[in-house]
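A short worksheet on the structure shown next.
The values are calculated or read from the model by the stated rules, or taken from the named source; none is laboratory data. Note that the structure is predicted; figures quoted are calculated from it, not measured. Note that each Cβ is placed from the backbone with ideal geometry, even for glycine, and that neighbours are counted across all protein chains shown.
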There are 4 protein chains.
Amino acid sequence: MLPALPEPQPSQPPSAAEHRDTRGMPDVLDRYPVPVPRTLDGVLGLRLLEAADGEARGEARYAERLCQRFGVVHGGAYAALAEMVATEATMVAVWPQGETAMGMSNDTSFLSPIRSGTVHASARALHRGATTWVWAVEHRDDDGRLCAVSRVTIAVRRRRPEPGDSA
Amino acid sequence: MLPALPEPQPSQPPSAAEHRDTRGMPDVLDRYPVPVPRTLDGVLGLRLLEAADGEARGEARYAERLCQRFGVVHGGAYAALAEMVATEATMVAVWPQGETAMGMSNDTSFLSPIRSGTVHASARALHRGATTWVWAVEHRDDDGRLCAVSRVTIAVRRRRPEPGDSA
Amino acid sequence: MLPALPEPQPSQPPSAAEHRDTRGMPDVLDRYPVPVPRTLDGVLGLRLLEAADGEARGEARYAERLCQRFGVVHGGAYAALAEMVATEATMVAVWPQGETAMGMSNDTSFLSPIRSGTVHASARALHRGATTWVWAVEHRDDDGRLCAVSRVTIAVRRRRPEPGDSA
Amino acid sequence: MLPALPEPQPSQPPSAAEHRDTRGMPDVLDRYPVPVPRTLDGVLGLRLLEAADGEARGEARYAERLCQRFGVVHGGAYAALAEMVATEATMVAVWPQGETAMGMSNDTSFLSPIRSGTVHASARALHRGATTWVWAVEHRDDDGRLCAVSRVTIAVRRRRPEPGDSA
């Protein structure tokens, strides 16, 4: 007999204000081509909670949309969560200097399955170089058990200058 | 001026029959706790096209739900697609012997962004051992350009026997 | 016409007693087919300092043999050091239970070059499962700067029982 | 009390002419700080056989110095061989344009042990970008069996110009 699962929680889209709170780049958000609620992050419910000084945290609440069909969190969900947290946290730091961030590689190992609660991702910048940042991300369940780890390498590149950039 | 993007395509759920066609495990599908359309694979539109003899193919059509907010395919989408294809293709092979498959690690490198069309994933089993399978997955765009590569390691474990298993 | 290669360079073997101090498996050491000083670890000077309870430390002193031709520590040296430390530290734990350990994968990122002093590797077991252990290894220079990180996955398998194994 | 370590073992250096044949950068070789025979590559016997047009081959002959103490090729040996082949092959291409190459990451999976013969490494550039190259390396034994795979990411950076560089 297989366990009943919670219903999917299909994304009552957060208000723009909520996204400003959690994304940390209020001035530039409106210019992005895809509103966050319609992106992969929005559809899966991946959230950035904070990002500053080479540390960042994110989370994703357990839901069917986060799982493979056995009802455990999909390997791709951990990878996507780590990718988002590392990319956004790099962005927060480099965007004001006229740079942008994009993922180069994502190496995720799955240690223990999650079947309920929340996936808590905490990220630490191992390296903050001129052209690449390297992040270590730990994914834990509600009991603090380490369930997956990711190493994410982010490329930092010059972007077209915009009003408000630092000199 | 940023480009207009196609609208999201929020998953008119395929019929059970369609999933049987594409998943290759018709006899066991109904017993899974989460129907595929409600999983991460279903929500993002990740599809397995074929899986046999250490080769497999999958795809995901470009849509906002597959992207980060700049409108390019999210790194997590490639990782999830590779994870699904490698896991399902291992399952197809080991399930009849009374075993199951689950992801151990997923290492994805991002080579070139995709902004339209379809992500085509082709997977090749590098190793088919008693306890682990290792897959190389190439992700290409509609022009055949290599846009990301994944290496996925899958654990193979005994599962509880079910009717229809080989001796 | 390709050059003849130098012969392997066996060097002065440390005494058995010395290896007992650093390797932690005194009872089985003499039975290994290749004495440590003639292995890759011996030839490169990779040393295990301690291993217990899911933690381990190793080191390698800077020398030309550890470098590529620009005089910085070779990427393969970090990978080899992490591989040795993780494998040996798993061995110390699983060997008495009649099991052995062998490397499955090694993912190493290079953050900052080392040109002198000692490479200090500290390893932490992220996962200690029945069939796999996963280790995170940090490589630091003499100033404590993080210069490379490795994630090493080790397979644990039954081996032929030997005298002295636990029941 | 820890054991004294063997001294580095410089071995009989191949002639400059021999290295020119196998390294492909005759004009710059003499200026490197560490002669190849004294590097990790030289000490372990890792050889580059050819490198051109995004393809490269290398090899290492089985010897105790290439092994861990069970007599199988050390995981670090595969990683080091892949690292050397990918770095040197990138160098061959970018050096004449005033750039240099250095390893960023090395992800190696071990599929099947090698206990004799030669490790044959064949490398293919998956991506040749302005700032990074990504290589896939396959390691095979004398029977053509796939024994390990590596993905190596190489950073490409401007270097100080030298006589003979292209404009």
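Quick look at the numbers
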| read-out | value |
| --- | --- |
| Residue that is modelled with pLDDT under 95 and at negative phi, where the choices are A:159, A:115, A:145, A:124 | A:159 |
| Region C:45-66: number of residues that are in contact with a strand residue (DSSP E or B) (Cβ under 6 Å, 6 or more places away or on another chain) and over 30 Å from residue C:130 (Cβ atoms) | 5 |
| Count - residues of region C:49-84 that are more than 7 Å from chain D (Cβ to nearest Cβ), in a helix (DSSP H, G or I) and among the acidic types (Asp, Glu) | 0 |
| Filter result for residue C:151 (more than 10 Å from every other protein chain (Cβ to nearest Cβ), surrounded by 13 or more Cβ atoms within 10 Å (Cβ to Cβ) and of a type outside the set (A, V, I, L, M)) | no |
| Hey, residue B:140 within 15 Å of the chain's Cα centre (by Cα) and over 18 Å from residue A:102 (Cα atoms) or not | yes |
| Qualifying residue in region B:96-103 (condition: crowded, with 24+ Cβ neighbours inside 10 Å and at pLDDT 95 or above) | yes |
| Conditions (1) touching a Phe, Trp or Tyr at 6+ places or on another chain (Cβ under 9 Å); (2) of a type in the set (Val, Ile, Thr); (3) modelled with pLDDT under 95; (4) not in a strand (DSSP E or B): number failed by residue A:92 | (1) |
